[in-house]
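Okay, so here's the structure we're looking at.
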């Protein structure tokens, strides 16, 4: 008989730009969520259909969870793309503050989810065996994986690369503590601190 889990009486809402991030987090979060928090129990992934859809949703969600019947926290994950990381984060924080007062964590994926994959090239190799990490790991453009355009790089290196398939499969092979993406590590460490 398994031990009983004492779930926290709070709600955690992840507001995500796209379904691919939700696919990846379904795999990653069980590895990093603190005790008492679990997906589909008190942590919920809310993928949107791009930036505009996410931006429309934020005020509604912040207003709702600022007055919710149990304590609630909101985590927004937004791709950097061509934006300045700090400016984008500050814009989103201001946007949230104008619409409510529930605790909010903003994390910017620099530049996008696919950069997190490049931070663990062995995980890419497990899903795409023709991708050889040793051929790419020490190339100058991959020394700081967050500076590349991850999806473009992967699409050019792996002809069969598909975002949806990759998001469901590559994160399953992540070595969570050894990812070379600074952005991924800021997400992981920021989340742990926010939810402790």
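What to note about this one:
- The residue that is nearest to residue 126 (Cα to Cα), counting only those in segment 149-158 that are modelled with pLDDT of 95 or more and surrounded by fewer than 19 Cβ atoms within 10 Å (Cβ to Cβ), is 158.
- Among the residues of segment 98-124, the one identified as surrounded by fewer than 17 Cβ atoms within 10 Å (Cβ to Cβ) and in a helix (DSSP H, G or I) is 122.
- Checking each residue of segment 138-146 against the condition of being crowded, with 17+ Cβ neighbours inside 10 Å, modelled with pLDDT of 95 or more and out of contact with any helix residue (DSSP H, G or I) (no Cβ under 7 Å at 6 or more places or on another chain) gives no match.
- Positions within segment 164-176 being surrounded by 15 or more Cβ atoms within 10 Å (Cβ to Cβ) and within 11 Å of residue 117 (Cα to Cα), in sequence order: 166, 167, 169, 170, 171, 173, 174
- Test for residue 168: is it touching a helix residue (DSSP H, G or I) at 6+ places or on another chain (Cβ under 8 Å) and in a loop (DSSP other than H, G, I, E, B): no
The values are calculated or read from the model by the stated rules, or taken from the named source; none is laboratory data. Worth saying up front: this structure is predicted, and the values here are computed from it rather than measured. Don't worry about glycine lacking a Cβ; one is built from the backbone with ideal geometry, like all the others, and counts go over all protein chains shown.
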